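> Starting off with a structure, shown below.
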């Protein structure tokens, strides 16, 4: 009887041990957190660059829409200059004539066309057209020829729309040569209609 009890007790203890060990084995160990390594890198050229999130683009600066300042013309206008300065710089070009002639050549017409444009931009100017001659001929003849040359230049300017009241004429004959030389070139420069601004 006692032997049976011992056997049963031994079997019960053995079963209990198996049950405890089985329960212990059935329990899972909690996961252990392990440190993660650096993110994978991708090769760029000969260097490795870590992958990083692309930052958002920076906002573009608004362009400066301020209008550029106009260029300032520092050269004095024709109206701002004195009569002496204007006549010294000669904005109105002279017209030259052939020997013993008051006919305006094609070159002379081109010069007068340019003078007319200047006079139209300055409508208040009063201009004296001077008639000049070379040293050949008598003083009386040259005075008359100089007058015809001045009148011819004035008439052409009036035909281009310049008011006749703004144009006066005078003849100096051979009295005020532009070139005192006695060569044909010098005499050619003296046969002219010269323009002088007398009022603005």
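> Hey, what D do you get for the range 80-199 in µm²/s if you plug the Kirkwood alpha-carbon radius into Stokes-Einstein at 37 °C and 0.692 mPa s?
Details: Rh = 14.3 Å.
Answer, rounded: 229 µm²/s.
> Just rank 148, 88, fewest to most, by other beta-carbon atoms within 10 angstrom. It would help to have the intermediate numbers written out before the result.
On the way: 148 17, 88 9.
In order of increasing Cβ crowding within 10 Å: 88, 148.
> Between residue 139 and residue 198, 0.36 nm times their residue separation minus their Cα-Cα distance comes to what? If you can, show how the numbers build up before the last one.
Working: separation 59, 0.36 × 59 = 21.24 nm, distance 2.57 nm.
Net length gain for the segment: 18.7 nm.
> Which part of the range 98-130 falls in the paramagnetic zone of residue 185, meaning amide N under 19 Å from the point 7 Å along Cα-to-beta-carbon?
Answer for this model: 98-99.
> If I model a spin label as a point 7 Å beyond the Cα along the Cα-Cβ vector, how far apart are those points for residue 126 and residue 107 in nm?
With each label point 7 Å from Cα toward Cβ, the separation is 3.3 nm.
FYI, it's all coordinate maths here, none of it is from the lab. Just so it is clear, the structure is predicted and the values come from calculations on it, not from any experiment. Note that we place each Cβ from the backbone using ideal geometry, even for glycine, and neighbour counts take in every protein chain shown.
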